[in-house]
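Worksheet for the structure shown next.
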Amino acid sequence: MYDVAIVGAGPAGATLARLIGSEYRVLLVDRRRLDVGPSDGMLCKPCGGLLAPAAQRELARQGLGVPPTVATGPQLFGVRTVDLAADLERLYQRFYLNVDREAFDRWLLSLVPENVERCFGWSLTGLEADPDAPTLHFRTAEGGRATVRARYVIGADGANSAVRRYAYGNEPSPRRYVGVQALLGSAGQEPHYGAYFDSRITDFYGWTVPKGDHLLVGLALPATAAPTAAFGRFVAELRARGLVAGSEISRQAAAISRPTQPWHLLTGYGRVLLTGEAAGFISPSSAEGISYALTSGRDLARAFSFGLEGVADRYLAASWPLAVRVTLKVVKRQAIYAGPIRRAVMRSGLGAIEESAERTSPRTVWAHR
């Protein structure tokens, strides 16, 4: 029997495993095949791969520095914000670290102690929440069945958390969205993170992120929407305005949580706990989740550092600052996504950068070489 079974090896799960793996017998499980190198068609996390200042601070707090094999270019210092329906556009200064998300996850995983057992390509099919030692049921990478018992089960398995669904299916949960993201072969894009609003397509937002000689184009949509048609409309709108170019190379989709009420946050109780996006720790205004994953993983690790008894209560207390951050983002969301407020701010130019008349061209100012 394990002391801790962690379902999900993303930033939250890998951080927790790294920080407690030398103290306890830990099992780390992920449905991705992280035991082999990435390849075409492999399940990856659709993500813009930008480390916001909060994520950078948390990495510094944990004594970590992003290696050059994880970083990609260009590094971004501005957000081009576009209200497509109102035909408004502004550039705001922001500081992001541009990374390869797949490489970032694998780097965090490489820091986990060797004694932590790993099972990749495993999918959770059931959970029995025994008060002393919960039981997990998995389908293995080979299509077989496996049963695991642990003193604690940790759901670090993202927006569509199977652990949360099995253990807390009757509890309130964040609104569900789907993020659709395509990779375009599009060199020569300007070095800005693009944020696009269009209430005719979604009540969330879309994004563009340059990655070397390519461009990521993504859109977050309510889970009830028709994602293929909506994404097609979105990309067509960007192409018509000269905001993107190039042919589509690949496309992926993934669930996104969007907490809109404080009670959507759930760290768990007893022997089944949640961290990262599974707990609802993600920004409802921007869908930024890496900083919340890193911080909540550390908070939970600290709760374990005092022993196996009372972990749930200590974790709940430690995670209050994160809950406050999410709640403040709920308020920010209401302002950003209220069309009249957003448009009034954009028209005012408050906080925006006045762009130089010497720009090489309106859309193509940088080419990665």
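Any read-out appearing in this document is the output of simple, stated calculations on the displayed coordinates, not a laboratory observation. In this text the structure is predicted, and so the values were computed from the model without any measurement. Glycine also receives a Cβ, built like all others from the backbone with ideal geometry; neighbour counts cover every protein chain displayed.
Quick notes on this one:
- Sum of -39500 (n - 2.57) over DSSP H runs of 4+, divided by residues of the chain (222 nm, nearest 500): -8000 deg cm²/dmol
- Mean projection of the Cα convex hull over all viewing directions, computed for the chain: 18.2 nm².
- Relative contact order computed over region 104-163 (Cα-Cα under 8 Å; 6+ residues apart), in percent: 23
- Using θ = phi - 60° and Karplus 6.51 cos²θ - 1.76 cosθ + 1.60, couplings along region 213-225 (whole Hz; Gly, Pro as x): 8, 10, 9, 8, 10, x, 8, 9, 10, x, 4, 7, 6
- Annotation: amide H of residue 214 within the under-5 Å range of 186, sequence separation 5 or more or interchain, hydrogens built in the peptide plane.
- Amide H partners (placed H, <5 Å) of residue 125, local residues excluded: 137, 138, 139
- Each Lys and Arg Cβ is given +1 and each Asp and Glu Cβ -1; about its Cα centre, the chain then shows a dipole of about 560 debye.
- Once C-alpha pairs closer than 8 Å and six or more residues apart are averaged by separation and normalised to the residue number of region 193-300, the relative contact order reads 14 percent.
- Range in the chain, longest, excluding exposed GluC sites (Glu not before Pro) [loop by DSSP; at most 10 other beta-carbon atoms within 10 Å]: 143-308
- Leading residue at positive end of dipole, region 224-369 (Cβ point charges), from 341, 301, 254: 341
- Considering only the chain, percent of DSSP beta bridges that pair antiparallel, nearest 5: 70
- Remark: region 75-80, residue by residue, has Karplus-estimated 3J(HN,Hα) of 7, 10, 10, x, 10, 8 Hz, where x stands for each Gly or Pro and the curve is 6.51 cos²θ - 1.76 cosθ + 1.60 at θ = phi - 60°.
- Neighbours of residue 53, meaning other residues whose beta-carbon lies under 11 angstrom from its beta-carbon, give a summed charge of 0 when Lys and Arg score +1 and Asp and Glu score -1.
- Since only 212, 143, 1 are under comparison, the one whose Cα sits farthest along the positive direction of the charge dipole of the chain, derived from C-beta charges on Lys, Arg, Asp and Glu, is 212.
- Amide hydrogen proximity for residue 6: with H placed 1.01 Å from N in the peptide plane, the residues at 5 or more positions away or on another chain lying under 5 Å are 27, 28, 29, 154.
- The listed peptides 165-172, 250-257, ordered by packing as a protection proxy, come out as 250-257, 165-172 (highest mean of other Cβ atoms within 10 Å first).
- Relative contact order [Cα under 8 Å, 6+ residues apart], the chain, whole percent: 21
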